[in-house]
Each structure stands twice: as C-alpha cells, then as structure tokens.
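Some notes on the structure that comes next.
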Amino acid sequence: MRALMVYESMFGNARDVATTIAEGLARRCEIELAEISAAPSVPGRNVDLLIVGGPTLALGIGRPQTRSDADGTTASIVTRNIGLREWIANLPMTPSHMAAATFDTRVRVRGLPGSAARGAARRLRQRGYRVLDRPETFYVTEVSGPLVVGELVRARAWGHRIGVDLVNGKRLGPTTAV
C-alpha cells in the first residue's frame, strides 16, 4: 500500500500534524509527504490513499487572500503561494475512486463554524475520491499555535489506524487518543 500526504501549513502546526500522521501511517504502508507547493499535481497511479490537510483559515479551507493576510503577520509562514483549495481544484477527476482522508488544524472555540478538512473532503468527493470517514481536526491553542498538548499523540494514532484500516479494508471511524 502507498499513500501520498499533501499539506498546507501557515505557522507550522499542520506540517507537524502531517509529519506525525505520516509516522503513524508508515507502520502499515509506504508514504510520501509533500508540502503543497512541492506536491505532485496528480497522485501517482500506484497511490492507494491521498491524505490532505491544512489550517482552517477564515472559517474554512484557505483562499489566496487568507494566506496573504497570514503572510502579513510576524510569524514564519510555511505555505505561501498555492493552497489546498487550488491544488484540489486542479486534480483530475478520478474514475478509480481512490481513497482519501482529510485533516485540519484550528482553534477550539465553542460554536465557531467552519473546517478546512470538511471543505477539502467535499472537494475531493466532487473530484471522484472516496473519502473514508469524517474529517479529523487537531486543535491549536491560538491561530499561530502551538498545538494543544496531546494532539500529536492523537495524530500518530490516527495515522496508524488509517494504515491498519486501509490494509484491512475497513471504514474509518472517530479517533481518540491512545
């Protein structure tokens, strides 16, 4: 089994989550990790699972303007030019129903709507991908981070479970810390 993980990261939190998910997933399958600006424009034919993730910006999947606004901060920005929205929009339709999973990072605020992971999942379904389960969210303490304590442990467990379930042909379910 092979997986491709593509991530967008503004302040490094989504990058850290992607790297940790990849560590968990690597126990069960071969994985390629790519920051969005260096990601292949089309997953290879031998890729069985596409995982995409990034920060929730302005209540959803980032836009060029939200990335530009973040770039004006004093923080060190990871992703600058292209984001998940544009990358997914440029994916060709997949007749193979390739499996996909999505994640995001966001601040936990009661009642605050929006999720980059849900937006990415919806867009992937529109391109013909079979999204395995509900999108997964990993929480940060503030917009620029850091991640809430325990989220990287949960990310590694989620990656491992995706690998186990993919190999066993199971549908994914909610994740709790292990």
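Since every read-out is calculated from the coordinates, none of them should be taken as a lab result. What you see is a predicted model, and the numbers here were worked out from it, not measured in a lab. Neighbour counts run over all protein chains shown; Cβ positions are idealised from the backbone, glycine included.
General remarks:
- Note on the stretch 6-39 and the stretch 105-171: Cα centroid distance 12 Å, given to the nearest whole angstrom.
- Projected onto planes of every orientation and averaged, the convex hull of the alpha-carbon atoms in the chain covers 9.3 nm².
- Across 168, 90, 13, mean-square fluctuation computed from a Gaussian network of the chain (C-alpha pairs under 10 Å connected) peaks at 168.
- Under-5 Å amide H pairs with residue 54, H placed in peptide plane, nonlocal only: 8, 103, 104, 105
- Helices assigned as whole DSSP H runs in the chain whose Cα atoms extend at least 24 Å along their own long axis and whose mean Kyte-Doolittle hydropathy is -0.5 or higher are found at 151-168.
- In the stretch 110-174, GluC sites (Glu not before Pro) in a DSSP loop with at most 10 other beta-carbon atoms within 10 Å: 142
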